[in-house]
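Contents: one structure, followed by commentary.
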Amino acid sequence: MSTIPSGNTRNTTEHEARKFKRSIGLMSNFSLGFTYLSPLTAVYSLFALAMTLAGPPSIWWILIAAGGQLLVAMVFGEVASQYPITGGLYPWSRILWGKKYAWIAAWVYLWALVVTITSIAEYSSTFVASLLGYEQTAINLLMTSVVLLLMMMAINLSGTKNLARVARIGFWCEIVSVIALGIYLLLFHRMQPISVIFDSMGVNASGGYMGAFMSASLLGLFMFFGFEACGNVAEEVQNASRKIPVAMILSIVFGAISAVISVLGYLLSYPNLHDIVSGKIQNPIPEILNNALGPMGEKIFIVVAVIAMLSCILSLQAALSRLLFSFSRDKMLPGSNWMAKISKHDVPDNAMIVSCALPLLICIWVYYQPDNLARITAFAVAGIYISFQMVVLAALRKRLQGWKPQGEWHIGRWGIWVNILALMYGLSGIYLLVQPGEGSFVDKWIVLIGLFIVVGSGALYMFIARPYSQKSNEQHYDLSAIKE
């Protein structure tokens, strides 16, 4: 399939006429989704918060969110199987509903990805600083984040094969640092009974323990997205119609298994969980690792963790660049002709440069206003959930109009029920994510404020510039042209 339609050759350059090469197999596609999902990053980021909010039972949110997102992945799998088109959420929304609807869904998803890349780069920089032993000042962390983003961009620009190779390395680092370590802790350093996962350890909230438990939902909700990246690179995947849905589901299943083993290892290997739940130990994972592995073992683990986090940034950049490319191929963004070019390395180079530049700019903003990092991270999760559910809703609407998925992978008559349950789960997740926090008015409602700004600016641009009315050759939406 040609990525730039050949029906209209006016102003077509050699770059624009290029097409992606199908060089990504099932393992690489799965690795891409898994390293973007990155259970290690989620557990490291939110373990302490979840324990202080709801105690050890917060581990159940991993399974709850995994189950819900597995339903979403099945809906995505049916759509991706029939429409294996680069860009994922954008072309799916466009086919299922329409151009304006797709614009808003992809616009929200785009900025959520940008912010997610920023937050992971910022978080990774603290690990790098700890590993190399330099002071974690604001300027040092900024420069480290910049270097990490540029390094991952360079690997992405070198070609899809290198992206696949690093994704596989990142996958094995995730396995070692999450599953292998968790099993080691459970086998050789267990100090707590398994029943501890039912012990709230005195945690409570204004709404009773259920309120406290609901507040810890971010542990699971933050973890289980990224599987959609398997579809973002659809035109680069071999036998995409069959393999992309399988890769998505494997990402969820392996993510859940590894996260549960990891959190169980941390919980059952530490002798005094009350100190973690009470907040007395504010950064518990290094304490747990040092207690179990010693200083040298902890250092080795950090090296493996850094590699896994860098692979996560790499996968995120790849997903964002393909989204920008897909948007630009339909002339939906300023500078579309420039971003819709594919290089001799079979990569949308210019879209990749933008995918690195936007997070860099936000890193600089965070340098001047560091308190905003937590705020924009909260927006990112909600934004991704909303864009996901826009696809799920569009698929359900299409089914009710008589659409029956015709790809090589589908779930038959159960599809409608899976679609409904996926929508119910997603709406519940969005409700939990937009709940007000604590502090000032902005802090309480930062998620809704961020969504209002992003959706408002996107809608304003859409109605003023009318990108949906731009004429573009759309052969890539023709089912008969989607061939392996």
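What to note about this one:
- Within the range 235-283, being open to solvent by less than 10 Å² (accessible area, probe 1.4 Å), within 16 Å of Leu49 (Cβ to Cβ) and not polar (S, T, N, Q) holds for Ala259, Val263, Tyr266, Leu267, Leu273, Ile276.
- Residues in the range 342-378 that are at pLDDT below 90 and within 30 Å of Ser469 (Cβ to Cβ): Ile342, Ser343, Val347.
- Condition met for Phe127 (within 23 Å of Val246 (Cα to Cα) and either assigned to a helix (DSSP H, G or I) or out of contact with any helix residue (DSSP H, G or I) (no Cβ under 9 Å at 6 or more places or on another chain) (or both)): no
- Here Ser440 meets each of (1) open to solvent by 50 Å² or more (accessible area, probe 1.4 Å); (2) among the small types (Gly, Ala, Ser); (3) closer than 23 Å to Ala106 by Cα with one exception, condition (3).
- The set of residues in the range 146-174 that are of a type in the set (Gly, Ala, Ser) and either at pLDDT 95 or above or within 17 Å of Asn350 (Cβ to Cβ) (or both) comprises Ala154, Ser158, Gly159.
- Members of the range 391-418 found to be open to solvent by 100 Å² or more (accessible area, probe 1.4 Å), out of contact with any helix residue (DSSP H, G or I) (no Cβ under 7 Å at 6 or more places or on another chain) and in a loop (DSSP other than H, G, I, E, B), listed by number: Gln401, Lys404
- Wholly within the range 26-113, helices (runs of 4 or more DSSP H) carrying at least 2 residues that are buried (at least 24 other Cβ atoms within 10 Å of the Cβ) and of a type in the set (Gly, Ala, Ser): 26-37, 39-54, 60-82
- Number of residues in the range 190-216 that are surrounded by 14 or more Cβ atoms within 10 Å (Cβ to Cβ), aliphatic (A, V, I, L, M) and not in a loop (DSSP other than H, G, I, E, B) equals 4.
- Selection status of Ala292, over 18 Å from Gln192 (Cβ atoms), buried (at least 18 other Cβ atoms within 10 Å of the Cβ) and out of contact with any strand residue (DSSP E or B) (no Cβ under 8 Å at 6 or more places or on another chain): no
- Qualifying residue in the range 135-151 (condition: of a type in the set (Ser, Thr, Tyr), within 16 Å of Ala305 (Cβ to Cβ), crowded, with 18+ Cβ neighbours inside 10 Å and within 18 Å of the chain's Cα centre (by Cα)): no
- Residue satisfying condition, being in a helix (DSSP H, G or I), within 29 Å of Leu110 (Cβ to Cβ) and among the hydrophobic types (A, V, I, L, M, F, W, C), within set Leu181, Leu219, Leu187: Leu219
The values are calculated or read from the model by the stated rules, or taken from the named source; none is laboratory data. Since the model is a prediction, treat every value here as computed from it, not as a measurement. Note: ideal-geometry Cβ built from the backbone for every residue, glycine included; neighbour counts use all protein chains shown. Side chains are part of the model used for accessible areas, which takes the heavy atoms of the whole protein and leaves out ligands, DNA and RNA. Shrake-Rupley method; radii C 1.70, N 1.55, O 1.52, S 1.80 Å.
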